[in-house]
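The structure under discussion appears below in the form of structure tokens.
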Amino acid sequence: MKSHSPSQQNTSVSRAGYTSWMHCDFFSYLISDSDLAHYKLFSFSSLLYFAVNFDHFQILRAIGKGSFGKVCIVQKRDTKKMYAMKYMNKQKCIERDEVRNVFRELQIMQGLEHPFLVNLWYSFQDEEDMFMVVDLLLGGDLRYHLQQNVHFNEGTVKLYICELALSLDYLQRYHIIHRDIKPDNILLDEHGHVHITDFNVATIVKGSEKAASMAGTKPYMAPEVFQAFMDGGPGYSYPVDWWSLGVTAYELLRGWRPYEIHSATPIDEILNMFKIERVHYSSTWCKGMIALLKKLLTKDPECRLSSLADIQNSPYLADVNWDAVLEKTVTPGFVPNKGRLNCDPTFELEEMILESKPLHKKKKRLAKNKSKDRNVHLQQCLETVRKEFIIFNREK
């Protein structure tokens, strides 16, 4: 399970900020009033009858962190099953105006289940944190393996493209644009199959609707996302995820991205780059792979490969047994090292030594905090989060 990379944000909280935050309805733009009422009733029933909480899990070790969330390996005490658990500090989420994104992620993930996604199993909360318990994938993310100088050959990347195409097609059927497909958000299981994670900036579009806000990671964002932001263009839809797939596949094969774009690169400079620069493809790659990447990296979304049918019609993928891909019976060309944890080992050290509120000391801390007075506006916001939080248990 992945968590967002740290961002430079102002973490100060004003009284006005708390008040305006409290008056927003987190779900009104996602689901109807009648659905929301039913949903809250279902959540309350889940809380009463199928409640899962922090005490049901044994914390084993930390494996990742972000600006307001961390990830650890846990074991459910009754079933002994292993999971990844992401926990997000409520106060930090309020301060950084991230509560809406967390709730959106929960609302999206509870309705999804697919072989090439990181699936949600449980969500619950306590006074300090919101928790998401998901599939545990110990193969590491593709960014980690790129940093370890792993060479991904064409056969491996070809299978990744197929597996990711199946997952993007599944999301499309549920009207979901992920908006942040990149190596950091693609995890490998122990056999080497890919799984998409992190729906923190995903959005839902219905019918002919378009998204317009600029969301994602700049080097992987499609031209139409920047264009919509700069001149209020027609917006964008599902093809943006297929552009990101093309950038990711290119990076896996070559070790760097097709365009020299970074988080600090100005948008007008990026748009100019798309206009004048040509993508260079390695002469060592087969013609079929180059043709496929060119179709994914087509600047015009109307001409870009942007559906499973488009991908399946590619001559380069004519020999693919798609049923075998979906059933994971095609052996990946790269299998992560099973004798090691494929992540940065400093996460565990930081959790134990540097973290001011370590997870393993949560019980004592919560008992102590009950006697402390809190800022009244913060307390009201925390209470709103508590009431609106989405309880989920996939087993029930």
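Data overview
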item	result
Output for segment 171-209, where each listed residue is of a type in the set (Asp, Glu) and in contact with a helix residue (DSSP H, G or I) (Cβ under 9 Å, 6 or more places away or on another chain)	180, 184, 198
Residue within segment 251-265 that is among the β-branched types (Val, Ile, Thr) and either in a helix (DSSP H, G or I) or more than 27 Å from the chain's Cα centre (by Cα) (or both) present	no
Enumeration of residues in segment 296-341 that are part of a loop (DSSP other than H, G, I, E, B) and touching a Lys or Arg at 6+ places or on another chain (Cβ under 9 Å)	297, 298, 299, 303, 304, 305, 314, 320, 333, 341
Number of positions in segment 283-298 that are in contact (Cβ under 8 Å) with a residue 40 or more places away in the chain and exposed (fewer than 14 other Cβ atoms within 10 Å of the Cβ)	1
From the options 280, 262, 193, residue that is surrounded by 18 or more Cβ atoms within 10 Å (Cβ to Cβ) and modelled with pLDDT of 95 or more	193
Test for residue 170: is it buried (at least 16 other Cβ atoms within 10 Å of the Cβ), under 25 Å from residue 326 (Cα atoms) and aromatic (Phe, Trp, Tyr)	yes
Among residues of segment 198-228, those that are under 16 Å from residue 180 (Cβ atoms) and over 19 Å from the mean Cα position of the chain (by Cα), counted	2
Segment 222-251, residues that are of a type in the set (Gly, Ala, Ser) and modelled with pLDDT under 95	228, 232, 233, 235
Answer residue from segment 299-321, given it is surrounded by 18 or more Cβ atoms within 10 Å (Cβ to Cβ) and within 26 Å of the chain's Cα centre (by Cα) and is nearest to residue 170 (Cα to Cα) among those	308
Matching entry among 279, 225 (being assigned to a loop (DSSP other than H, G, I, E, B) and on the phi < 0 side of the Ramachandran plot)	279
In segment 183-225, the residues that are under 19 Å from residue 108 (Cα atoms) and among the basic types (Lys, Arg)	206, 210
Whichever residue in segment 50-95 is part of a loop (DSSP other than H, G, I, E, B) and at pLDDT below 90 and, among such residues, is surrounded by the most Cβ atoms within 10 Å (Cβ to Cβ)	68
Hits in segment 285-329 (condition: polar (S, T, N, Q) and farther than 15 Å from residue 249 by Cα)	307, 312, 313, 314, 321, 329
Hits in segment 65-105 (condition: under 17 Å from residue 388 (Cβ atoms) and polar (S, T, N, Q))	89, 91, 101
Hey, residue 369 at pLDDT 90 or above and either out of contact with any Pro (no Cβ under 6 Å at 6 or more places or on another chain) or not hydrophobic (A, V, I, L, M, F, W, C) (or both) or not	no
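Let's see how each residue does on (1) in contact with a helix residue (DSSP H, G or I) (Cβ under 9 Å, 6 or more places away or on another chain); (2) farther than 28 Å from residue 57 by Cβ; (3) not in a loop (DSSP other than H, G, I, E, B):
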position: 134; (1), (2), (3): yes, no, yes
position: 137; (1), (2), (3): no, no, no
position: 144; (1), (2), (3): yes, no, yes
position: 158; (1), (2), (3): yes, yes, yes
position: 162; (1), (2), (3): yes, yes, yes
position: 169; (1), (2), (3): yes, yes, yes
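Listed here are the residues, each with its yes/no results for (1) within 16 Å of the chain's Cα centre (by Cα); (2) of a type in the set (A, V, I, L, M, F, W, C); (3) assigned by TED's automatic domain parsing to the domain that holds residue 387.
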position	(1), (2), (3)
93	no, yes, yes
104	yes, no, yes
107	yes, no, yes
113	yes, no, yes
117	yes, yes, yes
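The values are calculated or read from the model by the stated rules, or taken from the named source; none is laboratory data. All values reported here derive from a predicted model rather than from experimental measurement. Backbone-built Cβ (ideal geometry, glycine too); neighbour counts: all protein chains shown.
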